[in-house]
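The numbers here are math on the coordinates, done by the rules we state, and not lab data. Predicted, not measured: the structure shown is a model, and the values here were computed from it. Glycine also receives a Cβ, built like all others from the backbone with ideal geometry; neighbour counts cover every protein chain displayed.
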Amino acid sequence: MSLQLLSEHACFGGVQRFYQHDSAVIGLSMKFGIYLPPQARTEKVPVLFYLAGLTCTEETFAIKAGAQRFAAEHGLAIVTPDTSPRGANVPGESDYWDFGVGAGFYIDATQAEWVRHYRMESYIAGELPALISQALPLNMQRAGIFGHSMGGHGALTLALKYPALFRSVSAFAPIAAPAQCPWGEKAFTGYLGTDRDVWKRHDASELMARAKAPFHGGILIDQGLADKFLPDQLNPERFEAACLAAGQSLTLRRHEGYDHGYYFISTFVADHVAHHAGILRG
């Protein structure tokens, strides 16, 4: 399985690249971005996986967040996968902005229409790390994960499911209890069926409630209080309570005036990169 380089851009002494490859797990061509800091010229560097939110692509974070400056300072690579398969041609997959294309929810679907291609969990936690660790100067023993909104859900759940792979985790405005919100109910019903006990296996608050404080460096979450999705979709207080019950150190910062978008993310992204660097390079 080979990587096809689509574009390359010098950036803060390193390089921002975008690749395409044929995915055996997804059964389609997939794209991802990666920022390689200047340190990657002489060593295998720690790596951060960033999972973007609904409607986004592999380019969104790389273009909007301004994280490369801080990744270069700390010597971290940042990988930005796409948010769903493209070209699966499942009937209705483009009918909604919050389900189907651009909305893979970082889970493996089990329902008949979706099960062949919508396998983002296996892609993010299995195929993609294996592929890039062979082709690029990355130290996969020092990997972390973070994300935004739907991607925040993905980061928290995948970190809890695969603590041997992801040593650090953080999130911006995550969907922290998807089994208890409209976005999650719609996605989980479509991809997983109607059994709510199955949904709990992909809900960060439910997973944390049964965890044993696996992240000794703590978890960082930033949430804007002017976020229009906060009242009905995000439920950070549920994850906060689950962390307290599990004895998991959590820093949940609530910010007046900040909304759900990339102005918010770009304001606090330096803190997230530093959080991961302290753990992965510590």
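Just a few scattered comments:
- Cβ-placed point charges (K, R +1; D, E -1), dipole of the range 138-268 about Cα centre in debye, nearest 20: 480 debye
- Whole-percent P(r), the chain, all Cα pairs, 10 Å bins from 0: 7, 32, 38, 20, 3, 0.
- Cα-only Debye scattering, the range 180-223: base-10 log of I(q)/I(0) at q = 0.30 Å⁻¹: -1.06
- Tensor-based shape of the range 182-282 (alpha-carbon gyration tensor, a/c under 1.5 rounded, otherwise prolate or oblate): oblate
- Backbone N under 16 Å from the THR42 label point (7 Å along Cα→Cβ), restricted to the range 67-86: 72-76
- Per-selection metrics, the range 1-159 (Cα): Rg and Dmax in Å: 15.1, 48
- FRET efficiency, ALA274 to SER249 (Cβ-Cβ, R0 22 Å, nearest 0.05): 0.85
- Phi angles across the range 200-215 convert, under the Karplus curve 6.51 cos²θ - 1.76 cosθ + 1.60 with θ = phi - 60°, into 3J(HN,Hα) values of 4, 6, 10, 10, 4, 5, 5, 5, 5, 4, 9, 8, 10, 6, x, 10 Hz, Gly and Pro given as x.
- Working note: Karplus 6.51/-1.76/1.60 with θ = phi - 60° gives the range 47-53 the couplings 9, 10, 9, 10, 9, 7, x Hz, where Gly and Pro are set to x.
- Whole-number percent relative contact order across the range 115-227, with pairs defined as alpha carbons under 8 Å at least 6 apart: 24 percent
- Taking chymotrypsin sites (Phe, Trp or Tyr not before Pro) across the range 79-174, the ones in a DSSP loop with at most 12 further Cβ atoms lying within 10 angstrom of their Cβ are TRP97.
- Viscosity 0.692 mPa s, temperature 37 °C, Stokes-Einstein D of the range 18-96 from Kirkwood C-alpha radius, µm²/s: 237 µm²/s
- Per-residue 3J(HN,Hα) values for the range 11-17, derived from phi via the Karplus relation 6.51 cos²θ - 1.76 cosθ + 1.60 with θ = phi - 60°, read 7, 6, x, x, 8, 9, 10 Hz in sequence order (x marks Gly and Pro).
- The range 183-282: trypsin sites (Lys or Arg not before Pro) falling in loop per DSSP and having at most 16 other Cβ within 10 Å: ARG210, LYS212, LYS228, ARG281
- The range 1-128, relative contact order [Cα under 8 Å, separation at least 6], %: 23 percent
- Taking the charge dipole of the range 183-263 about its Cα centre, with +1 at Lys and Arg Cβ atoms and -1 at Asp and Glu Cβ atoms, the residue from TRP183, HIS216, LEU244 reaching farthest to the positive side is HIS216.
- The range 66-116 shape via C-alpha gyration tensor axes, a/c threshold 1.5: prolate
- Between the range 55-99 and the range 229-282, the C-alpha centres lie 19 angstrom from each other.
- Shape category assigned to the range 95-175 from the gyration tensor of Cα positions, a/c cut at 1.5: oblate
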